[in-house]
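Notes follow the structure.
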Amino acid sequence: MSGTDKLLLWFHVASAIFLLGPLTIATSTTSRYIRAGDLAVLRHLNRTTRLFGWGTLLVGIFGAAVGRDELSKPWLTASFTLFIVAFILLLAVVEPDQRRAISALEGGQSAEVFRGRIVALSSVAALIWLIILVLMVWRPGGS
């Protein structure tokens, strides 16, 4: 592995730690604050989800740069596919549901319908991150 590849790998792992961690916490704690009706915290969690969600693209970019010679390996293809699924779940469903929950609570309405979907999909995304981690370490079907 060249020095450049080692640097890209470092950026890949560092971005995964510092972007996926806060994103996972922000989405998984949202339901608690919907139940409590804490709009200030919900706005912060929504902003965090949006910022760190888009930031996760760096994880994929650095990962693709590191694995550019191995993109046809099954474990890497599965990892990228799962990454895209989690990215879409979080930014196309969870983040908009956070905004809808905030709007509902601002209007004095219940946000329970959003709470359930946010819990379910943020849990699925967290599980996907763990599956990707297993694939990155185990590398089934390739070295």
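The values are calculated or read from the model by the stated rules, or taken from the named source; none is laboratory data. Since this is a predicted model, take the numbers as computed values, not measurements. Note: ideal-geometry Cβ built from the backbone for every residue, glycine included; neighbour counts use all protein chains shown.
Remarks
- Matching residues in the stretch 78-96 - criterion: being over 18 Å from Ile25 (Cβ atoms) and of a type outside the set (A, V, I, L, M, F, W, C): Ser79, Thr81, Pro96
- Test result for Val113, in a helix (DSSP H, G or I) and surrounded by fewer than 17 Cβ atoms within 10 Å (Cβ to Cβ): yes
Quick grid of which residues meet (1) among the polar types (S, T, N, Q); (2) closer than 19 Å to His44 by Cα; (3) touching a residue at least 60 places away in the same chain (Cβ under 8 Å):
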position: Val93; (1), (2), (3): no, yes, no
position: Pro96; (1), (2), (3): no, yes, no
position: Ala104; (1), (2), (3): no, yes, no
position: Ser110; (1), (2), (3): yes, no, no
position: Ser122; (1), (2), (3): yes, yes, yes
position: Leu135; (1), (2), (3): no, no, yes
position: Pro140; (1), (2), (3): no, no, yes
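- Some residue of the stretch 79-97 being in contact with a Pro (Cβ under 7 Å, 6 or more places away or on another chain) and either of a type outside the set (Phe, Trp, Tyr) or assigned to a helix (DSSP H, G or I) (or both): no
- Within the stretch 45-68, restricting attention to residues that are within 19 Å of Arg100 (Cβ to Cβ) and of a type in the set (Ser, Thr, Tyr), the residue that is surrounded by the most Cβ atoms within 10 Å (Cβ to Cβ) is Thr49.
- Glu106 being surrounded by fewer than 18 Cβ atoms within 10 Å (Cβ to Cβ), more than 23 Å from Leu19 (Cα to Cα) and in contact with a Leu (Cβ under 9 Å, 6 or more places away or on another chain): yes
- Residues being under 23 Å from Leu9 (Cβ atoms), modelled with pLDDT of 95 or more and out of contact with any Phe, Trp or Tyr (no Cβ under 8 Å at 6 or more places or on another chain) - total across the stretch 127-143: 5
- Of all residues in the stretch 98-110 being part of a loop (DSSP other than H, G, I, E, B) and of a type in the set (Gly, Ala, Ser), the one that is nearest to Met136 (Cα to Cα): Ser110
- Sole exception among (1) charged (D, E, K, R); (2) under 16 Å from the mean Cα position of the chain (by Cα); (3) surrounded by fewer than 19 Cβ atoms within 10 Å (Cβ to Cβ) for Glu95, by number: (3)
- Pair list, Cβ < 7 Å and 6+ apart or interchain, from the stretch 47-67 residues that are under 19 Å from Trp10 (Cβ atoms) and in a helix (DSSP H, G or I) to residues that are charged (D, E, K, R) and modelled with pLDDT under 95: Val66/Asp5
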